[in-house]
Amino acid sequence: MSLPRRRLFRALTAACAAALLPAGARAQRRSTDPDIAFPAPGRREWAAQVPQLRVGVLGGENEADRLGRFGPYRELLERTFQIPVRLFMASDYAGVIQAFGAGQLEISTMSPAAYAAAWLDTNGGVEPILCTEEADGSISYVAVMVVRADSGIASLEQMRGRSIVWSDPNSASGYLIPRFALRRQGINPDRYFSRTGFGGGHEQAIVAVLQRQYDAAVTWASGIGEEAEGFTRGALRSMVEKGMINMRDLRVIWRSEPIINGPTTVRADLPASFKEDMKLFHLALPRAHPEIYRQIERGGGAGYREVTHAQYQFMVDLRREEAQERRRRN
């Protein structure tokens, strides 16, 4: 392992450890705080600068499902802040990154890797305000590698010479973290597997495995709860709930170390009062509107917690390393 990679691994380990610290160890506000109240309806002063709220929605599932999940959320934002709200349905993670760079979004939930890309592309022009908190109080998730249950593959070692589909090049769990973790184990992903590709999203990657187009896929899961149910949150749980998959047809053969949950992100140049309203809206959402919260988060959890850029700096460093690896490969 190179010296820069050892430093990155230490940074990743420290960030993951911080994500798992007891909630009382930091002063960041949480949805479970008793004094968190949902914002009162009414037009805000910041509406002069933000006359329309544009919300980015990451790809990874079909547009109809995303519209169904986010429709009531959009309507609640409109009722609460009394401005038009438009959903920007990106076809992939890059769409949201590029929209932030063009100043065409005010807010979006992003993967850690997508946030890091947007931060780099905008020279710090985006800011994380919140991330999801899992049912056990942690603010982390894991990448999981899945194969067909009838494939005969039961371990990462048996994936040598097999094919794998990554979810999205801007996904932490579906690309960046698995590649980093494999390299740390001495595995060169570009040589270990017979063939690699991108699925165009988490659901598409899993479907590609079920349809025998690839031997394995990597996706995200909370890592807690029953594996047989797709865990408590994540792409697998969402697909189980929609009747798209049965977990009996899949086998999880590898899990990453914990990854800090992706942040709800805003443009850094927006008013502080706007950022505070967005924080309070989301922090109070699980108690005030539990079904809307469950729909947009694709499963249950404890709500949200405030975060800062420092908690994602390791992912910025990781993206820079991946870019260097790509240049070396080319």
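The values are calculated or read from the model by the stated rules, or taken from the named source; none is laboratory data. In this text the structure is predicted, and so the values were computed from the model without any measurement. Neighbour counts are summed over all protein chains in view; Cβ atoms, including those assigned to glycine, are modelled from backbone coordinates with ideal geometry.
I need the full set of residues from the stretch 43-85 which are in a loop (DSSP other than H, G, I, E, B) and within 17 Å of the chain's Cα centre (by Cα), in order please. Break it down stepwise before answering.
Taking the stretch 43-85 first, the residues in a loop (DSSP other than H, G, I, E, B) are 43-44, 49-52, 58-62, 82-84.
Listed by number, the residues that qualify are LEU58, GLY59, GLY60, GLU61, ASN62.
Among the numbered conditions (1) assigned to a helix (DSSP H, G or I); (2) modelled with pLDDT of 95 or more; (3) touching a strand residue (DSSP E or B) at 6+ places or on another chain (Cβ under 9 Å), tell me where ILE292 comes up short.
(3)
Quick one: in the stretch 299-318, of everything that is in a loop (DSSP other than H, G, I, E, B) and surrounded by fewer than 21 Cβ atoms within 10 Å (Cβ to Cβ), which residue is modelled with the highest pLDDT?
The initial filter retains those residues of the stretch 299-318 that are in a loop (DSSP other than H, G, I, E, B), namely 300-302, 307-308.
Still in the running and surrounded by fewer than 21 Cβ atoms within 10 Å (Cβ to Cβ): 300, 302, 308.
On the way: GLY300: 72, ALA302: 93, THR308: 97.
Only one residue tops the list, namely THR308.
So if I check each of VAL147, VAL142, which one is among the hydrophobic types (A, V, I, L, M, F, W, C), assigned to a strand (DSSP E or B) and over 27 Å from TYR312 (Cα atoms)? Walk me through how you get there before you give the answer.
Working: VAL142 fails: over 27 Å from TYR312 (Cα atoms).
One residue alone meets the criteria, VAL147.
For the stretch 301-318, does any single residue satisfy the condition of being over 20 Å from TYR115 (Cα atoms), among the small types (Gly, Ala, Ser), more than 20 Å from the chain's Cα centre (by Cα) and not assigned by TED's automatic domain parsing to the domain that holds ASN188?
There is no residue in the stretch 301-318 that is over 20 Å from TYR115 (Cα atoms), among the small types (Gly, Ala, Ser), more than 20 Å from the chain's Cα centre (by Cα) and not assigned by TED's automatic domain parsing to the domain that holds ASN188.
Taking the condition within 29 Å of LEU210 (Cα to Cα), buried (at least 24 other Cβ atoms within 10 Å of the Cβ), within 18 Å of the chain's Cα centre (by Cα) and not β-branched (Val, Ile, Thr), does TYR115 pass?
On the way: within 29 Å of LEU210 (Cα to Cα): no; buried (at least 24 other Cβ atoms within 10 Å of the Cβ): yes; within 18 Å of the chain's Cα centre (by Cα): yes; not β-branched (Val, Ile, Thr): yes.
Judged against the criteria, TYR115 is not a match.
If we scan the stretch 107-129, do we find a residue that is among the charged types (D, E, K, R) and within 27 Å of ILE177 (Cβ to Cβ)?
Here is the first cut: in the stretch 107-129, the residues among the charged types (D, E, K, R) are 121, 127.
Then keep just the ones that are within 27 Å of ILE177 (Cβ to Cβ); that gives 121, 127.
Yes, the stretch 107-129 contains at least one residue that is among the charged types (D, E, K, R) and within 27 Å of ILE177 (Cβ to Cβ).
Could you please tell me which pairs satisfy a Cβ distance under 9 Å, a separation of 6+ or placement on different chains, a first residue in the stretch 43-54 that is in contact (Cβ under 8 Å) with a residue 60 or more places away in the chain and under 16 Å from ARG74 (Cα atoms), and a second residue that is part of a loop (DSSP other than H, G, I, E, B) and not acidic (Asp, Glu)?
Listed pairs, sorted by first residue: VAL50/ARG44; VAL50/ILE83; VAL50/LEU270; VAL50/PRO271.
Taking the residues in the stretch 231-252 that are within 20 Å of LEU156 (Cα to Cα) and not β-branched (Val, Ile, Thr) as candidates, determine which candidate is surrounded by the most Cβ atoms within 10 Å (Cβ to Cβ). I'd like the intermediate steps shown before the answer.
Going residue by residue through the stretch 231-252, those that are within 20 Å of LEU156 (Cα to Cα) are 236, 247-252.
Now drop any that are not not β-branched (Val, Ile, Thr), which leaves 236, 247-251.
Numbers: LEU236: 28, MET247: 19, ARG248: 8, ASP249: 12, LEU250: 24, ARG251: 19.
The qualifying residue surrounded by the most Cβ atoms within 10 Å (Cβ to Cβ) is LEU236.
What is the number of the single condition among (1) over 22 Å from the mean Cα position of the chain (by Cα); (2) in a helix (DSSP H, G or I) that PHE180 does not meet?
(1)
State which residue is modelled with the lowest pLDDT when the search covers only the stretch 152-172 and only residues that are assigned to a loop (DSSP other than H, G, I, E, B) and crowded, with 18+ Cβ neighbours inside 10 Å.
Looking only at the stretch 152-172, we keep the residues that are assigned to a loop (DSSP other than H, G, I, E, B), and these are 152-156, 160-162, 167-171.
Narrowing further to those that are crowded, with 18+ Cβ neighbours inside 10 Å: 153, 167-168, 170-171.
Working: ILE153: 98, SER167: 96, ASP168: 92, ASN170: 87, SER171: 90.
Filtering first and then ranking leaves ASN170.
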